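The block underneath contains the structure these notes are about, expressed in structure tokens.
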Amino acid sequence: MVAMVGLFFYLLASVQPMGLDVLRDRNQLFRINNAGLVENTYTLKILNKTQQSATFTLSVSGIEDIEWYGPQTVTVDGGEVFTLPVSLGVDPYLLQSPIADITFTLTRDDDVQLSTESRFIGELR
């Protein structure tokens, strides 16, 4: 019984106060935008698991000089899920392969971070 109570409190303390799901647009693998960049579209679902509103900042890494199209800072009410469509653009000359691993990082206003991996698909030049 003591072990189960201890496990319960351990699991309760280790719950992340936020969540991030990244969904790639499956209809179009990539497109070339007006600036000549390879562009991928994503839908980010940000979950605030706390009871208070929180401000979140989003960033992406994994490809050099990546352009972010859309808001990078959002405020989510407590217990809510916020859906954010964004696009990323990359110069095709900077792509090392047609499929690149990228990491989306969600940072809460008190510096708690959560990262989720995804893929960027493009064409090489």
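The values are calculated or read from the model by the stated rules, or taken from the named source; none is laboratory data. The structure presented is a predicted model; accordingly, all values stated were derived computationally and were not measured. Backbone-built Cβ (ideal geometry, glycine too); neighbour counts: all protein chains shown. Surface areas here come from the heavy atoms of the whole protein model, side chains and all, with no ligands, DNA or RNA. Shrake-Rupley method; radii C 1.70, N 1.55, O 1.52, S 1.80 Å.
The Stokes-Einstein estimate for the range 4-125, based on a Kirkwood radius over Cα pairs and taken at 20 °C with 1.002 mPa s viscosity, is a diffusion coefficient of 136 µm²/s. Accessible surface of the chain, 1.4 Å probe: 52 percent of it comes from carbon and sulfur atoms. Computed on the Cα trace of the range 9-63, the radius of gyration divided by the Kirkwood hydrodynamic radius gives Rg/Rh = 1.14. Once the Cβ-Cβ distance between Thr50 and Arg26 is put in as r, and R0 is 30 Å, what FRET efficiency do you end up with, to the nearest 0.05? Given R0 = 30 Å and the Cβ-Cβ separation, E is 0.45.
Helix 2-13 axis versus longest C-alpha principal axis of the chain: approximately 40°, rounded to the nearest ten.
Add +1 for every Lys or Arg and -1 for every Asp or Glu among the other residues with Cβ under 14 Å from the Cβ of Ile46, and state the total. Walk me through the intermediate numbers first.
Working: positive: Lys45, Lys49, Arg108; negative: Asp21, Asp77, Glu80, Asp109.
Net charge around Ile46: -1.
Rolling a 1.4 angstrom probe over the protein heavy atoms with all chains in place gives the chain an accessible area of 62 Å² per residue. Under the criterion of Cα pairs below 8 Å and six or more residues apart, the relative contact order for the chain equals 27 percent.
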